[in-house]
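Novice: Before I ask anything, here is the structure I am working with.
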Amino acid sequence: MFRRLLSAEGQNRSAKTVEVFGWLILIEGITVLFAPHFSASILGIPPLTEQGANYFRLVGLLVSGVGMLYIASGRLNAEGFVFASLLERPLVHVAMAILWHLGISP
């Protein structure tokens, strides 16, 4: 199984999209973890206090963990996870649009 994490032999196209999405999420999480003030400015969030930056770093750590889950599931061709993520990923855009429309998210 560990060899499969290094080389994704026999990976189908949908599992590849899950893996690529995982790399994207991992990069976003690492950016938030190590550069919270920069990430907040990019997202249009007001300047963070010291405590706010630490909580934002915690969110970055959690997001990185989700990214690693996506990468591992894509590499291992986990069909159930791939199917569930194909249902979930479009809903994120709808949820963010609703939050933006209601003025909750900038």
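Novice: Have a look at T31, T49 and point out the one that is open to solvent by less than 80 Å² (accessible area, probe 1.4 Å) and of a type in the set (S, T, N, Q).
Specialist: Step by step, each of T31, T49 is checked, and only T31 is open to solvent by less than 80 Å² (accessible area, probe 1.4 Å) and of a type in the set (S, T, N, Q).
Novice: Let me ask something else about it. Return yes or no: is L62 under 30 Å from G10 (Cα atoms), at pLDDT 95 or above and not hydroxyl-bearing (S, T, Y)?
Specialist: Spelling it out, L62 is indeed under 30 Å from G10 (Cα atoms), at pLDDT 95 or above and not hydroxyl-bearing (S, T, Y).
Novice: State yes or no: is I42 farther than 23 Å from W100 by Cα and either modelled with pLDDT of 90 or more or exposed (fewer than 15 other Cβ atoms within 10 Å of the Cβ) (or both)?
Specialist: Answer is no for this residue.
Novice: Among what's in the stretch 46-70 and is of a type in the set (V, I, T) and under 10 Å from the mean Cα position of the chain (by Cα), pick the residue that is nearest to T31 (Cα to Cα).
Specialist: Here the residue is V63.
Novice: Could I ask something else about it? From the residues in the stretch 2-17 that are modelled with pLDDT under 80 and on the phi < 0 side of the Ramachandran plot, which one is least open to solvent (accessible area, probe 1.4 Å)?
Specialist: A8
Novice: Could you tell me whether any residue of the stretch 64-74 is of a type outside the set (K, R), free of Cβ contacts under 8 Å to residues at least 24 places away in the same chain and open to solvent by 40 Å² or more (accessible area, probe 1.4 Å)?
Specialist: No: the stretch 64-74 contains no residue that is of a type outside the set (K, R), free of Cβ contacts under 8 Å to residues at least 24 places away in the same chain and open to solvent by 40 Å² or more (accessible area, probe 1.4 Å).
Novice: In the list F21, F38, which residue meets the criterion of being closer than 30 Å to P106 by Cβ and free of Cβ contacts under 8 Å to residues at least 40 places away in the same chain? It would help to see each step written out before you state the result.
Specialist: Numbers: F21 fails: free of Cβ contacts under 8 Å to residues at least 40 places away in the same chain.
That would be F38, the only listed residue that is closer than 30 Å to P106 by Cβ and free of Cβ contacts under 8 Å to residues at least 40 places away in the same chain.
Novice: Being over 14 Å from the mean Cα position of the chain (by Cα), at pLDDT 85 or above and among the aromatic types (F, W, Y) is the requirement here; does F83 meet it?
Specialist: So F83 passes the test.
The values are calculated or read from the model by the stated rules, or taken from the named source; none is laboratory data. All values derive from a computational prediction rather than experimental measurement. Backbone-built Cβ (ideal geometry, glycine too); neighbour counts: all protein chains shown. Ligands, DNA and RNA are stripped out before the accessible areas are found, and what is left, the full protein with its side chains, is counted by its heavy atoms. Shrake-Rupley method; radii C 1.70, N 1.55, O 1.52, S 1.80 Å.
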